[in-house]
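**Student:** The following block contains the structure, expressed as structure tokens.
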Amino acid sequence: VELKDGLRAELYVKGFAKEARIASDIPHNSEATIQLLDQYNQHNLTWARMYIERRREMERYPQVNDWIDSVIKGQQYLGSADEQFKGTVKDTLLDTAFSTDLIVKLNDNRGEAQVIAIDVTVKEPDQDSKLRKIRGQREDGDASKKFNPNRNYPRLRSMLGIDKHIVLVMDAKQYPSYATLLTELYAVANQPSQTAAVNLSDSQEIDAVQFFAEQRKVEKVDPPDLWLKYSKGLSSHSVQLSTEVTSRAIAGGHSKQEILQMLASDPQYQLFVKKDKGDLTRAQKYASGILDKVVAERGKKNNPDSPQPEQHRKPGRSR
Amino acid sequence: MLANLETVSSSFDEELMALTRDFIQGPRLHKFTVDEIHVALSQSNLTEIIEDSEGQEQLLASIGIALIIDLFHPLGPGTVAITPAKSHADAQRLLLIISQETYHSFRKALGIEYHWVLQLNSESSPELDELMTKSMYWFHDYDQNPPECSVIEL
């Protein structure tokens with residue numbers, strides 16, 4: 001499937017944020033985000049909802065507006081809404097009702113964390129209207145009209161814990177390098193102004209077409225992507241999460257070597273590395289231990305004749 | 001002066017219609033049956049330009065409508081027929097055509113409340129977000145009482 005230029009540019013910047021370890025999020029969950037949008041950005045939310053069912057990422061969720069309704073009205077939702085679905089709705093609404101494709105966090109010169117919301121675009125002519133929007137004005141700048149759906153943008157931004165909001169303009173064919181992006185974002189973090197347009201459409205450093213061609217080749221074996229892929233939708237933690245993700249990866253037909261590489265992206269693995277100040281011994285032992293355990297359990301499932309592990313049940317508890 | 005419908009139908013741009021359907025059409029689309037459309041066409045005297053045994057998409061395309069969408073949820077303005085145009089001049093001409101009584105009664109027969117001529121920018125591909133924003137201003141700049149037929153510029 002051919003990706004739209006705007007979506008490709010957005011994926012490029014998201015890939016950069018992940019790589020540079022500055023990818024971040026707002027502290028609010030999906031429900032709280034929707035409630036704030038409803039309270040302070042209602043027109044944009046309402047119209048985003050009218051089009052949300054037409055978006056490709058919502059194809060699997062025809063009930064999306066029923067769920068949003070229940071969140072706004074504070075009612076219990078009787079259908080099913082898993083974490084992955086809720087996350088997709090939050091990301092989509094932040095994009096369509098609050099001009100935010102991604103959020104990054106980095107420290108400014110004084111060592112203070114700056115949370116920056118980024119609206120990525122490949123349409124240079126849209127730069128001014130997008131900037132007016134995040135500044136709380138009408139897109140067309142027509143001050144004679146009384147309708148202005150964006151007037152609460154600055155207020156909502158601070159309620160969402162976002163310090164800066166920028167429109168990032170890129171060329172659809174030539175992307176700025178990661179180094180350029182990082183330099184520009186640090187400049188934004190250090191500037192006093194809350195909003196800005198950062199136009200990098202002339203930087204022409206990375207060939208977009210070639211980048212995505214290479215990306216596709218790498219995708220098949222890239223371990224961090226495997227972790228993201230197989231941990232999607234899981235809400236468990238530590239050992240249980242490692243076990244579930246490993247189990248999914250085995251079912252996905254990946255080699256032991258690939259899975260061990262994947263487990264290096266496991267938060268638990270990284271916790272060991274951090275605690276042991278970079279010494280990988282304990283982390284690697286943990287990863288191979290998880291893998292061995294999952295392989296052994298799968299072996300038992302496929303071999304019903306082999307002895308089952310003893311069931312641990314608390315005595316005196318019967319249903 | 002009423003536009004000549006024969007000339008009109010031959011000037012509808014198939015490629016532009018396909019592009020418009022592609023960028024707007026999501027999982028939810030307002031569907032009418034072929035019979036419903038036939039009845040509406042005959043009631044509105046638009047019948048002479050259509051042929052029998054065509055699907056709903058072809059039937060609508062024959063009178064210049066690329067697709068019909070619902071904007072009801074949660075408190076939107078209603079059902080909207082969409083006719084694409086690729087220039088300002090085309091858009092103004094199409095606006096005159098769809099404002100005719102024949103088109104009005106066709107929409108009335110199907111319960112379609114609004115009809116947009118979507119003027120697409122030839123420089124860049126249209127995006128759903130842009131249509132979302134433009135339609136929001138269309139609705140509110142008319143104090144939530146927009147005209148039945150309008151040009152929306154992307």
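The values are calculated or read from the model by the stated rules, or taken from the named source; none is laboratory data. This structure is a prediction, so every number in the text was calculated from the model and none was measured. When we count neighbours, we look across all protein chains shown, and the Cβ atoms used for this are built from the backbone with ideal geometry, even at glycine.
**Student:** Can you pull out the residues in the range B:115-132 that are of a type outside the set (A, V, I, L, M, F, W, C) and modelled with pLDDT of 95 or more? Steps first, answer last, please.
**Tutor:** Residues of the range B:115-132 that are of a type outside the set (A, V, I, L, M, F, W, C), as a first pass: B:115, B:119, B:121-127, B:129-130.
Passing the criteria: B:His115, B:Gln119.
**Student:** For the range A:137-156, name all the residues that are away from every other protein chain (no Cβ under 13 Å) and touching a Ser or Thr at 6+ places or on another chain (Cβ under 9 Å).
**Tutor:** Within the range A:137-156, A:Tyr153, A:Pro154 qualify.
Let's see how each residue does on (1) farther than 15 Å from A:Val120 by Cα; (2) touching a Phe, Trp or Tyr at 6+ places or on another chain (Cβ under 9 Å); (3) of a type in the set (Ser, Thr, Tyr):
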residue	(1), (2), (3)
A:Leu168	no, no, no
A:Leu182	no, yes, no
A:Thr195	no, yes, yes
A:Ser201	no, no, yes
A:Gln204	yes, yes, no
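**Student:** Give the number of residues within the range A:255-277 that are in a loop (DSSP other than H, G, I, E, B) and either over 13 Å from A:Leu291 (Cβ atoms) or modelled with pLDDT under 85 (or both).
**Tutor:** First, pick out the residues of the range A:255-277 that are in a loop (DSSP other than H, G, I, E, B): A:255, A:264-266, A:276-277.
The next check asks that each one be either over 13 Å from A:Leu291 (Cβ atoms) or modelled with pLDDT under 85 (or both); those that pass are A:255, A:265, A:276-277.
The qualifying residues number 4.
**Student:** Test of understanding: among B:Leu59, B:Leu94, which residue is farther than 20 Å from B:Glu36 by Cα, away from chain A (no Cβ under 14 Å), surrounded by 17 or more Cβ atoms within 10 Å (Cβ to Cβ) and not aromatic (Phe, Trp, Tyr)? Can you show your working first?
**Tutor:** Working: B:Leu59 fails: farther than 20 Å from B:Glu36 by Cα.
Result of the check over B:Leu59, B:Leu94: B:Leu94.
**Student:** Let me ask another. Condition first: facing another protein chain (nearest Cβ under 10 Å) and either crowded, with 20+ Cβ neighbours inside 10 Å or not polar (S, T, N, Q) (or both). Now tell me which residues in the range B:131-146 satisfy that.
**Tutor:** Selection gives B:Leu131, B:Met132, B:Thr133, B:Lys134, B:Ser135, B:Met136, B:Tyr137, B:Phe139, B:His140, B:Asp141, B:Tyr142, B:Asp143.
**Student:** Taking the range A:168-180, which residues are in contact (Cβ under 8 Å) with a residue 60 or more places away in the chain and either out of contact with any strand residue (DSSP E or B) (no Cβ under 7 Å at 6 or more places or on another chain) or not hydroxyl-bearing (Ser, Thr, Tyr) (or both)?
**Tutor:** Within the range A:168-180, the first condition is being in contact (Cβ under 8 Å) with a residue 60 or more places away in the chain, and the residues that meet it are A:168, A:170, A:172, A:175, A:178.
Within the range A:168-180, A:Leu168, A:Met170, A:Ala172, A:Tyr178 meet the criteria.
Residues checked against (1) farther than 30 Å from A:Lys123 by Cα; (2) within 11 Å of another protein chain (Cβ to nearest Cβ):
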position: B:Glu101; (1), (2): yes, no
position: B:Ala109; (1), (2): yes, no
position: B:Val117; (1), (2): no, no
position: B:Ser125; (1), (2): no, yes
position: B:Glu148; (1), (2): yes, no
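**Student:** Can you name every one of the helices (runs of 4 or more DSSP H) wholly within the range A:1-103 that holds 1 or more residues which are surrounded by 18 or more Cβ atoms within 10 Å (Cβ to Cβ), more than 9 Å from chain B (Cβ to nearest Cβ) and touching a Lys or Arg at 6+ places or on another chain (Cβ under 6 Å)? Reasoning before the result, please.
**Tutor:** Values: elements: A:5-19, A:30-40, A:42-52, A:64-73, A:83-98.
Per the criteria, A:30-40.
**Student:** Next question, about the same structure. Scan the range B:117-151 for residues that are more than 20 Å from A:Arg55 (Cα to Cα) and part of a strand (DSSP E or B) and report the count.
**Tutor:** Residues of the range B:117-151 that are more than 20 Å from A:Arg55 (Cα to Cα), as a first pass: B:117, B:119, B:121-123, B:137-151.
Keeping just the survivors that are part of a strand (DSSP E or B) gives B:117, B:119, B:149-151.
Counting residues in the range B:117-151 that are more than 20 Å from A:Arg55 (Cα to Cα) and part of a strand (DSSP E or B) gives 5.
**Student:** Of the conditions (1) under 15 Å from A:Leu228 (Cα atoms); (2) out of contact with any Ser or Thr (no Cβ under 6 Å at 6 or more places or on another chain), A:Thr281 fails just one. Which one is it?
**Tutor:** (1)
**Student:** Hey, could you check the range A:116-156 for residues that are hydroxyl-bearing (Ser, Thr, Tyr) and at pLDDT 95 or above and say which is farthest from A:Gln174 (Cα to Cα)?
**Tutor:** Filtering the range A:116-156 down to residues hydroxyl-bearing (Ser, Thr, Tyr) leaves A:121, A:129, A:144, A:153.
When the remaining residues are screened for being at pLDDT 95 or above, the result is A:121, A:129, A:153.
Details: A:Thr121: 13, A:Ser129: 23, A:Tyr153: 31 Å.
Looking at the filtered set, the residue picked out is A:Tyr153.
**Student:** Separate question: Quick check on the range B:72-91: of everything there that is outside any loop (DSSP other than H, G, I, E, B) and within 14 Å of chain A (Cβ to nearest Cβ), which residue is farthest from the chain's Cα centre (by Cα)? I'd like the intermediate steps shown before the answer.
**Tutor:** Initially, the range B:72-91 is screened for residues outside any loop (DSSP other than H, G, I, E, B), giving B:79-85, B:88-91.
Now restrict to residues that are within 14 Å of chain A (Cβ to nearest Cβ): B:79-80, B:82.
On the way: B:Thr79: 10, B:Val80: 7, B:Ile82: 2 Å.
Filtering first and then ranking leaves B:Thr79.
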